[in-house]
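Participant: Have a look at this one before I ask anything.
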Amino acid sequence: MNTTTNKLSINHEVFEDCRRHMETVNVYERTTRMSAEIIFKNGDRRIYHAKSDSKKYAVKEVINFVKSIEEAIGDKVMWRFKGDKNYNMSTNYQKDVSLLVRIKRDFLGYFFDI
């Protein structure tokens with residue numbers, strides 16, 4: 001029980017240290033901030049509020065934050081943006097492909113061997 005408590009406090013301390021480090025990064029004015037849910041290996045969940053309101057820039061910020069957490073704890077974490085259905089493992093991020101791009105790709109793949 002004591003080791004579980006120590007692991008939870010270590011994750012909390014690492015999370016807060018990484019959050020303080022990211023506060024020093026300058027980002028332009030924002031209206032609504034993107035937030036990401038980060039899940040540690042032991043099941044502990046934390047919410048990280050990115051400084052960016054654009055998903056393009058928030059992805060970069062969250063990936064950097066996840067990378068710093070993984071380096072600090074030496075373990076992989078899962079994360080997702082609020083409202084997304086799929087989780088991302090570690091710093092792997094799969095960008096959503098639009099319907100038009102998928103149709104073009106399938107059409108060209110059907111008629112031409114690419």
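Participant: Return yes when residue 65 is modelled with pLDDT under 85, among the aromatic types (Phe, Trp, Tyr), out of contact with any Gly (no Cβ under 8 Å at 6 or more places or on another chain) and in a helix (DSSP H, G or I) and no when it is not.
Facilitator: no
Participant: For segment 46-66, name all the residues that are out of contact with any strand residue (DSSP E or B) (no Cβ under 8 Å at 6 or more places or on another chain), under 14 Å from residue 19 (Cβ atoms) and either among the aromatic types (Phe, Trp, Tyr) or surrounded by fewer than 18 Cβ atoms within 10 Å (Cβ to Cβ) (or both).
Facilitator: 51, 64
The values are calculated or read from the model by the stated rules, or taken from the named source; none is laboratory data. Source: prediction; values computed, not measured. All Cβ positions, even for glycine, are placed from backbone atoms using ideal geometry, and neighbour counts span all protein chains on display.
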